[in-house]
Amino acid sequence: MVTTARAAESPAEVRERLRALIRRLEARPAPRFAPPADHPHAEGPEGDERDWAARARPRAIEEVFPSAVRRETDAGACTVIEVTYGLDHLVGEQPLRDIAHVSPETYALLAPHEGVEDVALGELLFLDIESTGLGGAGAMAFLVATGRFEERAGIDGGAGPAFVLRQYLATSPPEEGAVLAALLEDADVRGGEPVLVTYNGRGFDAPMLDGRATMHRQRAGFDALRHVDLLAPMRTGLRGAMESCRLCVVETDVLGLTRPPGEVSGADVPGWYFRFLRSRDARLLVPIVEHNALDVVSLAAILARFGALLAEQRAPAPLDSVALGRLHAARGDHERAAAHLQRAVAVLPPCGARDDTLLRLATAHRRAGRRDLAVPLWQEAAARPGVPGLRVLVEVAKALEHDRRDFPGALAAVEEAVRRAEALARFDPRTSRRWIEGLAVRRARLERRAARQAATPGRAVGAVG
Amino acid sequence: MALVDAVAALRSDPDLAPCFVDWRTLLAEAARFASWPDALDVRIVEALRLRGIDRPYTHQARAIAGALGRAGERPRDQVVVTPTASGKTLCYTAPVLQAILDDPSARALYLFPTKALAADQLDELHGIVTDAGLPVRTFTYDGDTSPNARRAVRTSGHVVITNPDMLHTGILPNHTKWVRLFENLRYVVIDELHTYRGVFGSHVANLLRRLRRICRFYGADPVFICCSATIANPGELAEALVGRPVDVVDDNGAPRGERTVALFNPPVVNAELGIRQGVVNATTAVASRLQAAGVQSIVFAGSRTRVEVLTQYLREAKGGRPLHPGAPPIVRGYRSGYLPKERREIEAALREGRLRTVVATNALELGIDIGGLDASILAGYPGTVASLKQQMGRAGRSSRASLAVMVASSSPLDQYVAMHPDFAFGESVEAARVHPDNPIIAAEHLKCAVFELPLDADEQQDALGSHTPDLLDALEEIGTVHRAGGRAYWSSEAYPAEGVSLRLGAEQNVVIVDQGPPAAVIGEVDRPSAMTLLHTEAIYMHDGRQYHVDLLDWEELKAYVRPVDVDYYTDAHLAVDLKVMDEWDATPAPAVRGHGEVAVTYLATIFKKIKLHTHENIGWGKIGIPQDDLHTGAFWLTLPEMQSGGRRGQTEAALQGVAQVLVNVAPLLLMCDPRDLHLSVQAKSPHTGLPTIFLWESVPGGVGFGEHLFRETARLLQIGLGLVEACACSEGCPGCVGPPSAPGAGVKAVATEALRALARGIEAGAGVEAAG
């Protein structure tokens, strides 16, 4: 290759030119580094990098995390922070003690098809990682937390299980290899085959750790472990009933946790870590380490809560009943589903979650062979004014059309819905028009089917009830 | 034989014969065979025999033997350069299958420039493997691969067929998911190597640097097998892309039937103005004669609109109607914008002889298997000799005789070719250039490389070219790279590959919806083209059918059309305007020049309705689409106002002439593809206040060509002068200052004088700087 001669240019000039070029390229995406001004860890009012450095001397890891120790491995050294939580520890309103109630039934409900019903408490490996990105070989796992129930001597001298949290921290990128090596040694992934308990670990944590091990020429095998991924049951049980299914929402809505002020959000974690790398000020790590610890302890608390609920050792909150009902329904146990949903409907305030639960209860009844119990629920739901009532009418029409082939009945429901959508026009013309258009298609189809059914009387269906 | 008769008829046709300005016959060449390399497994030999291949051609045998390697020797990287339809695929299929039979864990990666070619290759390889019952799994991996299938491709595919874009954003950044592939990678196949030139090629060269790094990490050292159409410098291009010397195999042993080559310059229809018959009508005249004689032809039309117009004309012409009413059409269009399924159907119909004529854009120029056709007709010069040869090579297969005709348009370049047949039919072809060390391109790929794997101390010197150390320092300063323990780590949450597109242009497409009923999506067109093809009230042609565009929803990127039957088509005018946004550097008088960022705006202004066949203008309308902008890098150069003695027309002529020379030679200096650079001329630029020539880049943001030209202006002018002075023409031609607008205009003289003056001015400017 011929490269262009830039004879007149000195090395310093080349350098400056390339710098300017990089600055131009990098000016495009907006950086997202500064911590919020009111954060307890942000000492400068605006959090500008230089102010920060000028105002406060960087603090070393051991100053900020007194329990941190250096851990030597074949792949170098990393930092490990170990904390033991007694079983009286509360996550929100949920004590860890309830972990004792976890039974095969708990696993059958939360992680069917994993073959973990027989697992012993000590085999569970709660795990959560903090990474510098969501994917790809350039995103590293710089902090890995594990939690295990281990036998510990209590303060009163007796021995009993306690929740031991270990956090493996890479204080610089090369230490990630040691983080993995230490983790693999302690967790005994290859020999003892623990059962992972994570939140979205199937999709993220386990494959990520295996990928990172490859980057460091190690073999891990997290992806092959048996796995209780709590994201799946939370989605099945509570999607739509909460703002989202992110772990922090479960922590507040299900466990009743109050988030600490100034807590770092997951999206800001990489930025804080990169700032730490440049400034070496360990205070920047505090919110990340706390966040990571809380997430792992919360996993234990969620498992404990469902154990206690299924063992009927804890009175369910409305959301618990919703989740239990939906999880049972997903397994095909419609009678138990109906019982839980019934309880939820009885206590939930009139809101979107209640309407949805009411319909699910109706469905559970119907699937359990109790259509007689379903119909009044539909009628109740349909009585609700505005859009919720419209939705229910459509559900009623669907059920009548598809389950019972009662086309005239379905048509009547749709026509009622059209009337109501038209009435809505005075308050919200756009929504009204959208509903009327949507209902027109359904009505046309039902009219066709009703006419055809009328022409072949042999296939008519009896009245509802 | 139909073709011989048809050629004779063309040569004696009283209307057409006088317009053929050149006929030549390229003699048939007999096949030269060799024997299979000893190392080749009998199962492969047998599988190939089943497909009718008893012996390899000489070039195939050499390439296969080289890629397999002699006992005890490392196999060698190959680039196979032979014409269309000479059995290039076999050159890599055989060694790859051999490696997999020897070791079932062996893997191969195929890179094709487009998804369509990848799909085609998958079918072919699948055919061989299935016929022979070989235990070889082949998959394509691209944007169409379903998430569920991806896992299987990653772990169990022996041959993974993909494209550079997918390697760039999907595979390399996630290499830890591809451990099985990389640990066992024996061969990397790069087909259509000649397409990797210019900016795209420079990106691919860096992509391959990254690929080789990842291979080294997993302890693999794959052999590269490249295939290229005929270009002047295949070995140099392959070496620049692969990063090490490559054996060139260009001894073509494939037979070639006799090929008749002709140049058709349409008749002059207005002698006073020197206007010739339009290329569409002329092409229709030639192609319809062949069609009527039962000759299977491919017609290459320059643009998508032309594809549709020609498809319609040829359907109406003699021999263009199916034998039975209601039978499938025997004339079809083929271009991007057709859905993949439709394209596969057309390709199959061509191979099976169910189509008589296909009208295509250069989408069919690359190696998609459509079998051998009898004739290839080019509606206009495709822009490069390499493309011309590819398109002509689409006719003829093995020993059958074939015909290739280029129909010249009235553009100066086409007319130049028509006057100089040796230019087109001679031995010379263009060289393909890449510039992997371009700092902007290298910087983008350096980020990707650090993301993929931390750079160790050695790699920090030159992993992505000579600028690597400086670029790394700059990235560290900004914080996207963090150095620790002697290595450079990625320290940003960004996924750098996503921010870097290997190709030009926006990826947004406009979806074309036939409102029905039933409503159906009939195709997609890229955004810039949609401005002129799919504006409201346009007649959009798709597969020879006319659609009226009722509404172009520019926000939603949807065009709502309905089928119509009208006797006109629409032709839209695109106005291109250029403004200097930011001047990065400039020199003062006497030689004012500069570089910086420019905003180029495209605005579709009006459209005309043009009557079919007579081409009368029967109406017009305004196009209400907001303009589209491109911000990119540019270099500009001004001409001093002519001395008081000079006439205004002379300044204009000099400006046009110099501009033409510079845009011709700039790619030589930049080693880029001519398509990467555009020309705008402003008689009095608002920015400089002087007659100004702008050379601007196709890539959004630019890759630094403007700055390069600014620094090397003296050399640019020197090369330009050399070209003009060496050119044999007397009054200017497309090869130098452009053809004269009228005889005696003296373009060449004034442009040469202006070039000399500019060169002197730059020298003087340099003197002033040195003195100050």
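The values are calculated or read from the model by the stated rules, or taken from the named source; none is laboratory data. Please read all numbers here as calculations on a predicted model, not as lab measurements. Because the Cβ atoms are built from the backbone with ideal geometry, glycine has one as well, and the counts that use them run over all protein chains shown.
Select, from A:Ala232, A:Ala267, the only residue that is within 14 Å of another protein chain (Cβ to nearest Cβ), assigned to a helix (DSSP H, G or I) and within 15 Å of the chain's Cα centre (by Cα).
From the options A:Ala232, A:Ala267, the qualifying one is A:Ala267.
For B:Arg151, all conditions in the list (1) at pLDDT 90 or above; (2) over 29 Å from the mean Cα position of the chain (by Cα) hold save one; what is the number of the exception?
Condition (1) is where B:Arg151 drops out.
Residues of the stretch B:54-67 being surrounded by 21 or more Cβ atoms within 10 Å (Cβ to Cβ) and either in a loop (DSSP other than H, G, I, E, B) or not small (Gly, Ala, Ser) (or both), which ones?
B:Pro56, B:Tyr57, B:His59, B:Gln60, B:Arg62, B:Ile64
Kindly list, by first and then second residue, each pair from a residue in the stretch B:695-724 that is touching a residue at least 40 places away in the same chain (Cβ under 8 Å) and away from chain A (no Cβ under 11 Å) to a residue that is assigned to a helix (DSSP H, G or I) and aromatic (Phe, Trp, Tyr), limited to pairs with Cβ atoms under 8 Å and residues at least 6 apart or on different chains.
Within 8 Å, the pairs are B:Leu695/B:Phe705; B:Glu697/B:Phe705.
If a residue has to be surrounded by 19 or more Cβ atoms within 10 Å (Cβ to Cβ), part of a helix (DSSP H, G or I) and at pLDDT 95 or above to count, how many in the stretch B:216-237 make the cut?
Matching residues across the stretch B:216-237 total 0.
Identify the single condition in (1) out of contact with any Asp or Glu (no Cβ under 6 Å at 6 or more places or on another chain); (2) under 24 Å from A:Arg23 (Cα atoms); (3) at pLDDT below 90 that B:Asp526 does not satisfy, given that it satisfies every other one.
(2)
Does B:Asp15 qualify as being in contact (Cβ under 8 Å) with a residue 40 or more places away in the chain and over 25 Å from B:Leu364 (Cβ atoms)?
Yes, satisfied.
In the stretch A:145-158, what residues are small (Gly, Ala, Ser), surrounded by 10 or more Cβ atoms within 10 Å (Cβ to Cβ) and modelled with pLDDT under 95?
Answer for the stretch A:145-158, where residues must be small (Gly, Ala, Ser), surrounded by 10 or more Cβ atoms within 10 Å (Cβ to Cβ) and modelled with pLDDT under 95: A:Ala153, A:Gly154.
Restricting attention to helices (runs of 4 or more DSSP H) lying wholly within the stretch B:357-472, give those where 2 or more residues are free of Cβ contacts under 8 Å to residues at least 12 places away in the same chain and away from chain A (no Cβ under 14 Å). Quick ask: steps written out before the conclusion?
Values: elements: B:385-392, B:412-419, B:421-425, B:439-452, B:459-462.
So the answer is none; nothing clears 2.
Kindly check whether there is at least one residue in the stretch B:567-587 that is surrounded by fewer than 16 Cβ atoms within 10 Å (Cβ to Cβ), among the β-branched types (Val, Ile, Thr) and assigned to a strand (DSSP E or B).
Taking every residue of the stretch B:567-587 in turn, at least one turns out to be surrounded by fewer than 16 Cβ atoms within 10 Å (Cβ to Cβ), among the β-branched types (Val, Ile, Thr) and assigned to a strand (DSSP E or B).
Checking B:Gly383 against (1) over 24 Å from B:Glu258 (Cα atoms); (2) more than 18 Å from the chain's Cα centre (by Cα); (3) of a type in the set (Gly, Ala, Ser), which test does it fail?
The one condition B:Gly383 does not meet is (2).
When the residues of the stretch B:488-503 are narrowed to those that are over 36 Å from the mean Cα position of the chain (by Cα) and within 7 Å of chain A (Cβ to nearest Cβ), which ends up modelled with the highest pLDDT?
Of everything passing the filter in the stretch B:488-503, B:Tyr489 is modelled with the highest pLDDT.
Sort out which residues of the stretch A:18-31 are more than 8 Å from chain B (Cβ to nearest Cβ) and at pLDDT 70 or above, and write them in order of number.
A:Ala20
So that you can scan it fast, the table gives a plain yes or no per residue for (1) at pLDDT 90 or above; (2) under 18 Å from A:Ala145 (Cβ atoms):
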{"position": "A:Thr236", "(1), (2)": "yes, no"}
{"position": "A:Gly240", "(1), (2)": "no, no"}
{"position": "A:Ala293", "(1), (2)": "yes, yes"}
{"position": "A:Ser298", "(1), (2)": "yes, yes"}
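Could you grab me the full set of residues in the stretch B:289-300 that are surrounded by fewer than 24 Cβ atoms within 10 Å (Cβ to Cβ) and over 13 Å from B:Ile330 (Cβ atoms)?
Selection gives B:Arg289, B:Ala293.
For the stretch A:116-149, which residues satisfy the criterion of being in contact with a Lys or Arg (Cβ under 7 Å, 6 or more places away or on another chain), in a strand (DSSP E or B) and within 19 Å of B:His482 (Cβ to Cβ)?
A:Ala141
Pick from B:Leu167, B:Leu117, B:Leu109, B:Leu125: which is modelled with pLDDT under 90 and farther than 25 Å from B:Thr58 by Cβ?
Step by step, each of B:Leu167, B:Leu117, B:Leu109, B:Leu125 is checked, and only B:Leu117 is modelled with pLDDT under 90 and farther than 25 Å from B:Thr58 by Cβ.
Hey, any hits in the stretch A:273-280 for a residue that's within 14 Å of chain B (Cβ to nearest Cβ), outside any helix (DSSP H, G or I) and crowded, with 22+ Cβ neighbours inside 10 Å?
No; the residues of the stretch A:273-280 include none that is within 14 Å of chain B (Cβ to nearest Cβ), outside any helix (DSSP H, G or I) and crowded, with 22+ Cβ neighbours inside 10 Å.
Residue check, B:Glu476 against (1) of a type in the set (D, E, K, R); (2) more than 9 Å from every other protein chain (Cβ to nearest Cβ); (3) touching a helix residue (DSSP H, G or I) at 6+ places or on another chain (Cβ under 9 Å), all met but one. Which one?
B:Glu476 satisfies every listed condition except (3).
Checking the conditions here, which among B:Arg51, B:Arg70, B:Arg43 is charged (D, E, K, R), surrounded by fewer than 18 Cβ atoms within 10 Å (Cβ to Cβ) and at pLDDT 85 or above?
B:Arg43
How do the pairs read when you match residues in the stretch B:80-100 that are at positive phi with residues anywhere that are at pLDDT 90 or above and assigned to a helix (DSSP H, G or I), using Cβ under 6 Å and keeping only pairs 6 or more apart or on different chains?
Taking only residues 6 or more apart or on different chains, the pairs are B:Gly87/B:Gln60.
Please determine, by comparing only the residues of the stretch A:174-228 that are within 14 Å of chain B (Cβ to nearest Cβ) and of a type in the set (D, E, K, R), which one is surrounded by the most Cβ atoms within 10 Å (Cβ to Cβ).
A:Glu176
For A:Asp406, work out the one condition from (1) within 30 Å of A:Ala346 (Cβ to Cβ); (2) free of Cβ contacts under 8 Å to residues at least 12 places away in the same chain; (3) surrounded by 15 or more Cβ atoms within 10 Å (Cβ to Cβ) it doesn't fulfil.
Status for A:Asp406: all satisfied but (2).
Return yes when B:His482 is facing another protein chain (nearest Cβ under 9 Å) and either more than 27 Å from B:Gly201 (Cβ to Cβ) or surrounded by fewer than 17 Cβ atoms within 10 Å (Cβ to Cβ) (or both) and no when it is not.
Working: facing another protein chain (nearest Cβ under 9 Å): yes; either more than 27 Å from B:Gly201 (Cβ to Cβ) or surrounded by fewer than 17 Cβ atoms within 10 Å (Cβ to Cβ) (or both): yes.
Yes: the conditions hold for B:His482.
Looking at B:Gln121, B:Gln98, can you tell me which residue is over 16 Å from B:Ile370 (Cα atoms), of a type in the set (S, T, N, Q) and in contact with a helix residue (DSSP H, G or I) (Cβ under 8 Å, 6 or more places away or on another chain)?
When all the criteria are applied, what remains is B:Gln98.
Scanning the stretch B:348-366 for residues that are closer than 18 Å to B:Gln121 by Cα and touching a strand residue (DSSP E or B) at 6+ places or on another chain (Cβ under 8 Å), which turns out surrounded by the most Cβ atoms within 10 Å (Cβ to Cβ)?
So, considering only residues that are closer than 18 Å to B:Gln121 by Cα and touching a strand residue (DSSP E or B) at 6+ places or on another chain (Cβ under 8 Å), the one surrounded by the most Cβ atoms within 10 Å (Cβ to Cβ) is B:Leu350.
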